[in-house]
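Below is one structure, written out as structure tokens; comments come after it.
The values are calculated or read from the model by the stated rules, or taken from the named source; none is laboratory data. What you see is a predicted model; the values in this text were computed from it and never measured. FYI the Cβ positions are ideal-geometry reconstructions off the backbone, even for glycines, and counts take in every protein chain you see. Heads up: the accessible areas ignore ligands, DNA and RNA and are worked out on the full protein's heavy atoms, side chains in. Shrake-Rupley method; radii C 1.70, N 1.55, O 1.52, S 1.80 Å.
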Amino acid sequence: MKTDVLLGLQWGDEGKGKVVDVITPKYDIVARFQGGPNAGHSLQFDNVEIVLHTVPSGIFHKEIINVIGNGLVIDPAIMRTELEEIASRGVNVINQLLISKKAHLIVPTHRIVDAAMEASKGKAKIGSTLKGIGPAYTDKTGRNGLRVGEILAPDFKIKYETLKKKHVELLKQFDFEYTIDETDFFKGVETLKQYTFIDSEYVINNALKNGKKVLAEGAQGTLLDIDFGTYPYVTSSSTVCAGVCIGLGVSPHSVGEVYGIFKAYCTRVGSGPFPTELENETGEKLRKIGHEFGATTGRPRRTGWLDLVALKYSIMINGVTQLIMTKADVMDTFDTVKVAIAYKTETGVTDEFPSELNSTTEPVYKDFKGWNTSVSGIREYGKLPKELKDYIEFIEHETGVPVKIISVGPNRNETIIRQ
Ligand code: GDP
Ligand code: IMO
Ligand code: MG
């Protein structure tokens with residue numbers, strides 16, 4: 001069997017959580033492969049509304065195993081709150097969740113270092129979620145990090161203190177006041193000890209060998225990838241399809257369908273280039289109707305038109321086989337909808353995503369007539385208004401990839417699956 005992948009093609013918040021929850025019944029295992037609590041994946045069904053940060057979005061389906069892969073960084077304090085919230089909804093989360101021993105820990109001083117570094121950058125700040133992601137991955141690649149499996153070792157506290165000391169030394173370089181509060185961290189560590197730690201590479205490969213189906217759930221988006229995103233305004237992990245192999249220990253041969261998810265427009269939270277950004281009333285309208293405020297930090301998201309230059313780039317990097325479009329319903333009352341089809345740069349017009357985007361990059365737009373009708377109640381592709389179908393079919397034509405799922409609202413059932 002294969003590992004199918006669902007990942008974001010823009011700057012995150014494309015609706016990954018919602019759609020993973022929708023398609024989970026087709027799978028036996030849902031696994032996160034990178035990122036950490038910088039992610040905020042919103043799920044809505046029956047009377048439940050929840051935002052998941054570290055736990056995969058398949059957790060609300062009984063019998064489905066959810067795996068936190070080796071590629072993640074975990075904050076035990078945040079995890080504890082999240083696990084309690086999930087359990088309070090009647091989920092037997094202890095039985096359904098398996099955690100890789102090799103995932104790395106975010107310790108309280110990682111968050112302080114994150115904040116100190118951001119503060120020192122002034123206007124050039126990344127706009128990090130301040131969850132300690134960058135410093136935790138830095139310690140991983142610098143070979144100083146602590147792995148989840150180590151919390152069971154008798155010398156865990158000694159290793160923890162050594163790492164903390166390194167961070168305290170580092171923090172002396174910054175003019176940054178802080179206090180270290182470790183209470184919630186150690187409470188979280190005790191909670192984690194109740195869970196099953198695994199070698200996720202064996203669990204997943206054995207499952208595939210035994211005919212089980214695995215879905216890998218991405219966090220963030222391709223344009224926030226450490227290599228292919230708008231560096232340095234990116235996150236610190238490989239958010240792209242290749243990250244699945246690294247973050248779960250599966251071979252490229254085992255990757256099956258690659259579902260690329262995008263919003264019918266664009267958003268970005270945090271700093272960095274955004275060619276189709278609308279800093280005007282139209283942008284405000286998208287933010288208001290789309291409730292574009294961060295699921296993790298509550299920050300207003302920047303909004304803009306769909307960017308096909310960026311979308312095609314993301315499709316290429318990830319080898320996307322099926323597209324999923326969300327939030328077209330947000331544009332139900334727009335007379336005109338625009339899509340960027342190329343960029344005008346200092347050296348001419350291009351349809352390639354430049355490695356260095358700057359303020360002189362100007363999108364070239366194609367206009368579409370708005371559909372001016374509510375689509376949230378529609379469940380069949382054929383019943384969508386012609387203008388929206390034209391919009392979707394243009395995207396399919398330009399990208400060469402079919403749009404197989406169309407999400408028309410935040411709820412699990414507000415979904416059109418094309419046969
Ligand atoms: P994720 O990080 O990719 O899982 O996305 P987020 O949960 O951070 O952000 C997506 C937001 O849009 C959430 O508030 C979802 O409830 C909501 N959402 C998802 N799909 C749709 C949709 O098709 N229409 C509307 N109106 N909202 C949606
Ligand atoms: P989901 O999984 C949107 C952004 C931050 C910042 C940059 C670096 O919900 O799509 P970090 O905390 O990783 O050091 O922040 O990346 N960012 C996200 N933006 N959705 C996310 O996750 C994000 N995770 C990080 O805003 O610009
Ligand atoms: Mg999100």
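At a Förster radius of 22 Å, what calculated FRET efficiency corresponds to the Cβ-Cβ distance of VAL168 and GLU190, to the nearest 0.05? Could you put the intermediate results ahead of the total?
Working: r = 24 Å, r/R0 = 1.09.
The value I calculate is 0.40.
Using modelled backbone amide H atoms (1.01 Å from N, in-plane), which distant-in-sequence or interchain residues come within less than 5 Å of ASP75's amide H?
ILE106
Search the structure for amide H atoms under 5 Å from the amide H of THR415, placed 1.01 Å from N in the peptide plane, and list their residues when 5 or more places away or on another chain.
When sequence neighbours closer than 5 places are left aside, the close amide H contacts are VAL408.
Between HIS61 and GLU201, what's the calculated FRET efficiency when r is the beta-carbon distance and R0 is 30 Å? Round to 0.05.
On the way: r = 23 Å, r/R0 = 0.78.
Efficiency for this residue pair is about 0.80.
Can you show me the helix-derived [θ] at 222 nm for the chain, built from DSSP H runs with n ≥ 4 at -39,500 (n - 2.57) apiece and divided by the number of residues, rounded to the nearest 500.
Values: 12 runs with 125 residues, N = 419.
Computed ellipticity for the chain at 222 nm equals -9000 deg cm²/dmol.
Once amide H atoms are built 1.01 Å from N in the peptide plane, which residues 5 or more positions from ASP13, or in another chain, come under 5 Å H to H?
Those lying under 5 Å, H to H, from ASP13 are GLN220.
State which entries of LYS165/LYS193; LYS285/LYS383; LYS18/LYS187 exceed 28 angstrom in Cα-Cα distance in the structure shown.
Values: LYS165/LYS193 24 Å; LYS285/LYS383 26 Å; LYS18/LYS187 30 Å.
Distance filter (> 28 Å) returns LYS18/LYS187.
Among DSSP beta bridges whose residues both lie in the chain, state the antiparallel percentage, nearest 5.
Details: 25 of 61 bridges.
If we restrict to bridges inside the chain, about 40 percent are antiparallel.
With label points built 7 Å along Cα→Cβ from the Cα atoms of ASP181 and LYS288, find their separation and express it in nm.
About 3.6 nm separates the two model spin labels.
Based on the alpha carbons, how large is the Rg to Rh ratio for the range 65-127 when Rh follows Kirkwood?
Values: Rg = 15.5 Å, Rh = 13.8 Å.
Radius of gyration relative to Kirkwood radius: 1.12.
Quick check for you: with a 1.4 Å probe and neighbouring chains kept, what is the accessible area per residue of the chain, in Å²? Show your work: numbers first, answer last.
Values: 17730 Å² over 419 residues.
Accessible area per residue: 42 Å².
Could you go through the range 198-210 in sequence order and give the Karplus-derived ³J(HN,Hα) for each residue, using 6.51 cos²θ - 1.76 cosθ + 1.60 with θ = phi - 60°, rounded to whole Hz, and x for Gly and Pro?
Coupling constants for the range 198-210: 10, 8, 5, 5, 6, 4, 6, 5, 5, 4, 4, 4, 8 Hz.
Percent relative contact order of the range 342-419, based on C-alpha pairs within less than 8 angstrom and at least six residues apart?
Numbers: 77 pairs, mean separation 18.5, N = 78.
Relative contact order, the range 342-419: 24 percent.
What is the chain's relative contact order, in percent, from Cα pairs under 8 angstrom and six or more apart in sequence? Could the numbers behind the result be given before it?
Numbers: 929 pairs, mean separation 85.3, N = 419.
Value for the chain: 20 percent.
When all protein chains stay in place, what accessible area (Å², nearest 10, 1.4 Å probe) is found for THR297?
Rounded to the nearest 10, that gives 60 Å².
Would you please state which residues of the range 181-204 a label at PHE156 would reach in this model, taking the label point 7 Å out along Cα→Cβ and a backbone N cut-off of under 15 Å?
The answer is 183-198, whose backbone nitrogens lie closer than 15 Å to the label point.
So if we plug the beta-carbon distance of THR373 and ARG143 into 1/(1 + (r/R0)^6) with R0 = 45 Å, what FRET efficiency do we get, rounded to 0.05?
Details: r = 57 Å, r/R0 = 1.26.
Given R0 = 45 Å and the Cβ-Cβ separation, E is 0.20.
Report the residues of the range 271-310 in range of a label on GLU346: point 7 Å along Cα→C-beta, backbone N strictly under 19 Å from it.
Hits in the range 271-310 for GLU346 at 19 Å: 273-275.
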